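The values are calculated or read from the model by the stated rules, or taken from the named source; none is laboratory data. Treat the numbers as computed from the prediction; the structure is a model and nothing was measured. Here Cβ is always computed from backbone atoms with ideal geometry, including for glycine, and neighbour counts include all displayed protein chains.
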Amino acid sequence: MDDRTLQKIALVGSFIGLMLVALLAQERSEITAQIDQVPEGQEVKVTGIVDSVRDVGKVVFLTLAEQKIEKTHVVLFKSKNMTLDMGSIVSVTGTIDDYNGEKQVIGNRIELKKK
């Protein structure tokens, strides 16, 4: 193959790759922006800034402030000692649950992104 053909193939491949990334990023932000529409029991991952922490022994109640959603309520059941400070950036993976008509995340994994 000559250089011109390889250049065209590389350009087309790059364009297709960029379009695919843009579509996937858009789809993910739609899911994040519409957490109230996510069905109960669906697993999600939310990332945000810890807005409030209430530790009651084996359970921690968090409120995360996010870009697209005003606030997300998270319930974590502690298996070990953990300290979460307001202003920390965390990612929580868990399932959607409905409590008194409001969606919340029952977390099964938390990852500290930045303190």
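Some points to look at:
- Filtering segment 48-67 to residues that are of a type in the set (Ser, Thr, Tyr) and surrounded by 16 or more Cβ atoms within 10 Å (Cβ to Cβ) leaves only Thr63.
- Any pair with Cβ under 6 angstrom, 6 or more apart, that starts in segment 76-92 at a residue that is aromatic (Phe, Trp, Tyr) and ends at one that is surrounded by fewer than 15 Cβ atoms within 10 Å (Cβ to Cβ): Phe77/Val59
- In segment 98-114, residue surrounded by the fewest Cβ atoms within 10 Å (Cβ to Cβ) [restricted to those that are touching a Gly at 6+ places or on another chain (Cβ under 8 Å) and under 16 Å from Lys71 (Cα atoms)]: Ile106
- In segment 73-85, the residue that is nearest to Ile110 (Cα to Cα) out of those that are at pLDDT 85 or above and under 18 Å from the mean Cα position of the chain (by Cα) is Leu76.
- Segment 68-89 - residue that is in contact with a strand residue (DSSP E or B) (Cβ under 8 Å, 6 or more places away or on another chain) and over 21 Å from Gly41 (Cα atoms) and, of those, surrounded by the fewest Cβ atoms within 10 Å (Cβ to Cβ): Asp85
- Check on Val105, out of contact with any strand residue (DSSP E or B) (no Cβ under 9 Å at 6 or more places or on another chain) and either at pLDDT 90 or above or of a type in the set (A, V, I, L, M) (or both): no
- Selection within segment 1-34: residues that are modelled with pLDDT of 85 or more and acidic (Asp, Glu). The member of this set that is nearest to Thr72 (Cα to Cα) is Asp3.
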